[in-house]
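Rule-based calculations on the coordinates, nothing more; no lab input. It should be emphasised that the depicted structure is a prediction, and the values quoted were computed from it without experimental measurement. Here the Cβ positions follow ideal geometry from the backbone for every residue, glycine too, while neighbour counts run over all protein chains shown.
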Amino acid sequence: MFRYDLVFEFVSAICEQRQAVPSFYDGLRAQTVADSVLRSHAERRWVEIPEEPR
């Protein structure tokens, strides 16, 4: 499904010269959590979510 609201926010942020919300960093953190969930399931154990690299 195409997310018009996210595209609108992204383009608006570019036009207004500001940071988009959510940011690419927020997307990276969400993907890190998703990858950790898949790893936890595959290994059938708890896994630590890596620290924020900021």
Discussion item. Using only the alpha-carbon atoms, how far is helix 4-15 inclined from the longest principal axis of the chain? Give it as 0 to 90 degrees, nearest 10.
Written reply: 60
Discussion item. I need the calculated FRET efficiency for the pair Arg44 and Ser23, taking r as the beta carbon distance and R₀ as 30 Å, to the nearest 0.05.
Written reply: 0.35
Practice prompt. DSSP loop (so not H, G, I, E, B), at most 13 other Cβ within 10 Å: list which chymotrypsin sites (Phe, Trp or Tyr not before Pro) in the chain pass both filters.
Written response: Phe2, Trp46
Discussion item. As I understand it, the value is the acute angle between the Cα axis of helix 24-43 and the longest principal axis of the Cα atoms of the chain; what does it come to in degrees, rounded to 10?
Written reply: 20
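Kindly provide the Kirkwood hydrodynamic radius of the range 1-40 in Å, to one decimal, from all pairs of distinct alpha carbon atoms.
Details: mean 1/r = 0.0874 Å⁻¹.
By the Kirkwood definition, the hydrodynamic radius is 11.4 Å.
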Worksheet item: Loop-only check: which GluC sites (Glu not before Pro) in the chain are DSSP coil with at most 13 other Cβ within 10 angstrom?
Response: Glu16, Glu48, Glu51
